[in-house]
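Everything below concerns the one structure shown next.
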Amino acid sequence: ENIDEADLALSLSNFKYISFINVGNEFVRNLHEFIGNDLVVSHNVKFDYNKINNEFIQRKLKVLPKSQFVCIKDCFRRLTKEKSYNLEHCCKYFDIPFVNKRNHQANEDALRCVEVLKKLSELFVSES
């Protein structure tokens with residue numbers, strides 16, 4: 001079954017928030033299987049890498065290598081040379097609508113990460 005970028009982003013984003021409470025083993029196993037060998041895209045890999053792998057370690061599942069993670073923040077910083085690289089600034093840089101921080105929603109942030117990744121890919125290709 002094909003899973004589009006938004007589904008993956010939403011799934012990982014939901015995981016981050018759900019994992020702060022006591023999620024079931026089945027959920028984490030399903031997430032582990034869902035990710036498989038695919039890349040995990042995140043705005044802040046330092047947080048997400050540790051959070052996801054801690055859940056996997058607790059359930060004796062294989063830890064994902066850092067090489068399987070793509071950090072939007074690091075890509076943005078390297079490709080644009082901008083001094084600010086929070087998600088709001090990344091979105092403003094590429095004219096991607098950004099909802100006020102007071103209305104912060106994990107799902108919307110995940111979708112914005114997908115949009116920023118698309119723009120970064122276009123920027124990378126144009127500079128190559």
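General observations
- Residue check for Val114: within 13 Å of the chain's Cα centre (by Cα), β-branched (Val, Ile, Thr), closer than 30 Å to Asn25 by Cβ and open to solvent by 30 Å² or more (accessible area, probe 1.4 Å): no
- Considering segment 1-101, the qualifying helices (runs of 4 or more DSSP H), each wholly inside and each with 2 or more residues that are exposed (fewer than 15 other Cβ atoms within 10 Å of the Cβ) and at pLDDT below 90, run over 5-18, 25-35, 45-58.
- Check on Val125, over 30 Å from Gly24 (Cα atoms), modelled with pLDDT of 85 or more and open to solvent by less than 60 Å² (accessible area, probe 1.4 Å): no
- Of everything listed in (1) under 24 Å from Glu115 (Cβ atoms); (2) in contact with a helix residue (DSSP H, G or I) (Cβ under 6 Å, 6 or more places away or on another chain), the single unmet condition for Ile52 is (2).
The values are calculated or read from the model by the stated rules, or taken from the named source; none is laboratory data. Because the structure is predicted, anything quoted here is derived from the model rather than measured. All Cβ positions, glycine included, derive from the backbone under ideal geometry; neighbour counts span all protein chains shown. These area figures cover heavy atoms from the full protein model, side chains too; ligands, DNA and RNA do not enter into them. Shrake-Rupley method; radii C 1.70, N 1.55, O 1.52, S 1.80 Å.
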